[in-house]
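Dumping the structure here so I can ask a few things about it.
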């Protein structure tokens with residue numbers, strides 16, 4: 001698991017194959033100490049609706065990155081509501097979390113040949 005507090009997302013490796021890595025990405029909230037990172041509740045009817053366990057959180061997006069750098073992403077959030085951003089930075093964060101998972105796949109896969 002990697003908490004990307006600066007962009008409000010947390011990514012987890014869902015599965016690793018010999019030539020690909022599958023990720024799940026969650027909306028996360030940087031909580032004040034000693035409260036741990038919190039996530040948007042699955043099935044929430046408002047935002048934020050934080051929960052402490054990622055097991056109770058809704059998936060924001062999921063996707064996979066292959067050994068050659070090709071990736072496929074599905075933005076689950078669009079099944080619930082249109083994508084929403086309160087700022088230009090919020091819009092960029094969706095692409096940024098995909099890029100960080102892409103980099104992470106390069107760290108995980110021994111077969112990595114992706115080109116930036």
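Inside the stretch 1-76, counting only strands (runs of 3 or more DSSP E) that do not spill past its ends, which hold 3 or more residues that are without any contact (Cβ under 8 Å) to a residue 40 or more places away in the chain and either on the phi > 0 side of the Ramachandran plot or in contact with a helix residue (DSSP H, G or I) (Cβ under 7 Å, 6 or more places away or on another chain) (or both)?
Per the criteria, no element qualifies.
Can you tell me which residues in the stretch 4-53 are closer than 18 Å to residue 106 by Cα and surrounded by fewer than 18 Cβ atoms within 10 Å (Cβ to Cβ)?
4, 12, 13, 14, 15, 16, 17, 18, 19, 22
When the stretch 77-95 is examined, which residues are found to be surrounded by fewer than 15 Cβ atoms within 10 Å (Cβ to Cβ) and not in a loop (DSSP other than H, G, I, E, B)?
Scanning the stretch 77-95 gives 78, 79, 80, 88, 89, 90, 91, 92, 95.
Taken together, the values in this text are just the output of simple stated rules run on the coordinates, not laboratory data. Every value quoted in this text rests on a predicted model; they were computed, and no experiment measured them. Methodologically, a virtual Cβ is constructed for each residue, glycine included, from the backbone with ideal geometry; neighbour enumeration extends over all protein chains shown.
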